[in-house]
Every structure is written in C-alpha cells, then in structure tokens.
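Trainee: Got a structure here, written out as structure tokens. Questions coming.
Nothing in this text is a laboratory measurement; each read-out follows from the coordinates by a stated rule. Everything numeric here is computed off the predicted structure, so don't read it as measured data. Glycine gets a Cβ as well: all are built from the backbone with ideal geometry, and neighbour counts include every protein chain shown.
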Amino acid sequence: LKSKMNVDSTAITNGIDQSKFFPLADKRVSGRVLTLSRKHPEHIRTIIEATKDIDFEFRVVDGLTEKELIEEYQQADIFLATGYPEGLPLPQLEAMNCGCVVVGFSGGGGDEYMIDNVTALAAEDGDCDSVVTKLRMLAYNDGLKETIRKNGYKKAAQYTLENTKRMLNSFYANLM
C-alpha cells in the first residue's frame, strides 16, 4: 500500500489455535494425501490421475466439522493445496501445524509462509504439472519429506492466536 498508494498500513496476520491444531505422528498414515474439494476440483482430478502409479491414498473432503478436519490433518502425510487466489490461506497453516507436508498452490497470500523447498513444495497457481513433479519428489525422497515437514511445522508455529492478539493490541494502542 505504501509503494502504490502512499498509504501507511499495518499487517496483522491470522493465527491458528495450536491447542487444537497439533501433530499426532503415531496417527499419520504414510502416503495419505488430504485435500479440500471446494478449491479447483478440476485440478484435484488432474493431479490424482497423473499420480495413479504412486502409492498415494487421496482423501478429498468437504463439509467436515472442525474436529473431523483436525483428525484428517493429523492422519495425513501430505496436504494438497489447490486454492487460489487467496489472502492468507488457513488450511495450509492448519495442515502444517498438524505435521503435514504442504504441496501445491500458495494462492498468493500463502507465499508468506509457503517457502518453496524449505517449508512447503509450492507451485505457481494452476500449474498441476509442477505439483505432480513435487508429489513424485516426496514419494521417493523421505529425507526431503521430513525436512519440509519439520520446517513447515516450525514456520506455522509462528502463526499463533497469541501473536495475532498482540498485533491487534499494538495496533489499537497506537491509535489511542
């Protein structure tokens, strides 16, 4: 906003309730890929079809309660992000907090925490071929998968409700 409109702004990020969204490694199912059906289902179908030769178990879900969704995250090995455009997408952060390796599209806003080959395996929005390549990398490289998982979890841990409250309090205190 400053560079384009000469307007000062304050960024206040969303936070995740880490008392609810946390990993349970003993429940994780190796090769299970979780995705949400409401974001570009045509891309989901393309990616599933292109990875039929890999031993992945795709779980395409929708309409779950928060508790059910958390259980799905905790059982998933990989979270496939297909939403775009997005502001600051929460599903990827929720998945990272639950120990999933995130692969897919950042939607733009997810660039803040989906750092390609560090905290996630990110592709340009809509580039299904790149997502398939990245899923294949994970299927055959457990070291990479575990490094991305660990780094993603650490990055997501920065997005707490307490940090959001602190940013809001600071913003309002500066108005007074």
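Trainee: So how do 126-134, 142-150, 160-168 stack up, highest first, on mean other-Cβ count within 10 Å?
Mentor: Ranked by mean Cβ neighbours within 10 Å, highest first: 126-134, 142-150, 160-168.
Trainee: Let's test the formula: R0 of 30 Å, r as the Cβ-Cβ distance of Glu162 and Glu49. What FRET efficiency results, to the nearest 0.05?
Mentor: 0.10
Trainee: Using a 7 Å offset from Cα along Cα-Cβ at Ser19, what residues in region 98-112 end up with backbone N under 20 Å from the label point?
Mentor: Counting backbone N atoms under 20 Å from the label point, the list is 98-99.
Trainee: Percentage of Cα-Cα pair distances in region 29-176 greater than 25 Å, rounded to whole percent?
Mentor: 25 percent
Trainee: Based on DSSP H runs of at least 4 residues, each adding -39500 (n - 2.57), what is the mean residue ellipticity at 222 nm of the chain after dividing by all its residues, to the nearest 500 deg cm²/dmol?
Mentor: Working: 7 runs with 74 residues, N = 176.
The helix contribution divided over the chain gives -12500 deg cm²/dmol.
Trainee: Sequence gap at least 6, Cα distance under 8 Å: using those rules, report the relative contact order of the chain to the nearest whole percent. Before the final figure, lay out the partial values.
Mentor: On the way: 299 pairs, mean separation 43.9, N = 176.
It rounds to 25 percent for the chain.
Trainee: Keeping to pairs on different chains or 8 or more places apart, tell me how many lysine pairs in the chain have Cα atoms under 20 Å apart.
Mentor: 19
Trainee: How big is the gap, in Å, between the Cα center of region 1-57 and the Cα center of region 93-147?
Mentor: 8 Å
Trainee: Could you sort the peptides 43-51, 103-111, 8-16, 30-38 by per-residue average Cβ neighbour count (10 Å cutoff), highest mean leading?
Mentor: Averaged packing, sorted descending, gives the order 103-111, 30-38, 43-51, 8-16.
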